């Protein structure tokens, strides 16, 4: 089925911003000039409280601080506590927390409950924070920067007449279909809960990959509660994305111009990781095990299989067994990031037995400095869940992918990696939904000997680097945004 869902929208005019001065940062920036009055702009940055959102927002915060703008980074307590343990002691970013809204007896491991509670209690606290800053020594917040899913922050900003910038941390094609939700409902493609009414492919344009009915950005098969929660937030954010003053994207024009063209007012300013000089650790929820880098130093160039599945992927014990045996069968060194919560059962006993078998040929860590790992000359390929951050990191380092998407936008990212950019191969589950050791073994060996994929990966690496260097498309867009925030 061919379906053109997206329609052009206009953002509100880009208005100039007064410069205001107020120092709430832990570290005062020195020797910076901010116009004749010496004032300094101040923004509030409010990411959706999940690892895949917080990390790029922290990178973006460091970038704008480097250009003389004050940043207060706002998050719920359960995110704030994690950030404090991984942030450098001397950071130019001020961290502010709000209550998470949980009542005594509530389960802190219920992520939907946790995020819902935070979003419910946030408006009052957020409004109070802005008023407190605005009342202090003629200080004023010039802009609220969020990713669109933190709707309460945008609602407060809109009511208070504060400029809004939405930084979309996922792929532009994903944003395009989210902005098409009202049209999808109107045309009878999905219902008001986001459930497809027909088992048909959904195309926004014949020039970009289609979505299958069960793999939309909000699809959570078998978990209707989670899907309805996610869809509700995406539906509500439509209004604010279309009304915001700036709509930024963590992508670059040369990577996906066809999807970006579906959103006329979008400003691609990525990849954020290449433009950031503050280190890969910023915004991480877990301490990174940097000892794996010295282990990589001892491996032959282009030999190591790097396997990491992000912060949310969960495996069954059977699937974990197949993954481990697949890595073992390859006969090459591998670095595997195995979070302690990657399976619901205990992981310690399983990993002990596995480590004994592989001896020094494999390295297993709880969390890795991924950007440094992917940039290491020993890394041969990236066995990935295809989250957008990981996708951009692999592209920026020129590393071929073996794709194992888990949920939401990751399936669309896989389509781009394998079918559009041709920098990777996909893993196919068997009739029981299991990706077997043999599938892993065969696909990795195929990938490692595919010179076409390697060549494409290196081309994308150069394109990404060029976009954020002097004269590059993303750097020009970012600098223009900074100038508008300042003046």
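Just so it is clear, none of the values below were taken in a lab; they were calculated from the coordinates. Since the model is a prediction, treat every value here as computed from it, not as a measurement. So basically every Cβ, Gly included, is an ideal-geometry build from the backbone, and we count neighbours across all protein chains shown.
Summary of values
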{"read-out": "Mean Cα-pair separation over length for the chain, i.e. relative contact order, pairs under 8 Å, 6 or more apart, %", "value": "18"}
{"read-out": "Segment 190-212 and segment 54-79: distance between their alpha carbon centers, rounded to Å", "value": "34"}
{"read-out": "Convex hull of Cα atoms in segment 291-465, direction-averaged projection (nm²)", "value": "9.4"}
{"read-out": "Diffusion coefficient, µm² s⁻¹, Stokes-Einstein with Kirkwood Rh over alpha-carbon pairs of segment 137-255 at 25 °C and 0.890 mPa s", "value": "157"}
{"read-out": "Euclidean distance between Cα centres, segment 110-138 to segment 296-339, Å", "value": "40"}
{"read-out": "Cα long-axis angle, helix 473-486 against the chain (0 to 90 degrees, to the nearest 10)", "value": "30"}
{"read-out": "Relative contact order %, segment 291-465, counting alpha carbon pairs below 8 Å whose residues are six or more apart", "value": "26"}
{"read-out": "Additional length obtainable on full extension of the chain from residue 160 to residue 183, 0.36 nm per residue less Cα span", "value": "5.3 nm"}
{"read-out": "Percent antiparallel among DSSP beta bridges (both partners in the chain, rounded to 5)", "value": "5"}
{"read-out": "Förster-model FRET efficiency, 51 Å R0, residue 355 and residue 207, C-beta, rounded to 0.05", "value": "0.60"}
{"read-out": "Sum of -39500 (n - 2.57) over DSSP H runs of 4+, divided by residues of the chain (222 nm, nearest 500)", "value": "-12000 deg cm²/dmol"}
{"read-out": "For peptides 444-457, 186-199, 306-319, sequence by mean Cβ density within 10 Å, most packed first", "value": "306-319, 444-457, 186-199"}
{"read-out": "Contact order relative to length of segment 226-271, as percent, for alpha carbon pairs under 8 angstrom and 6 or more apart", "value": "38"}
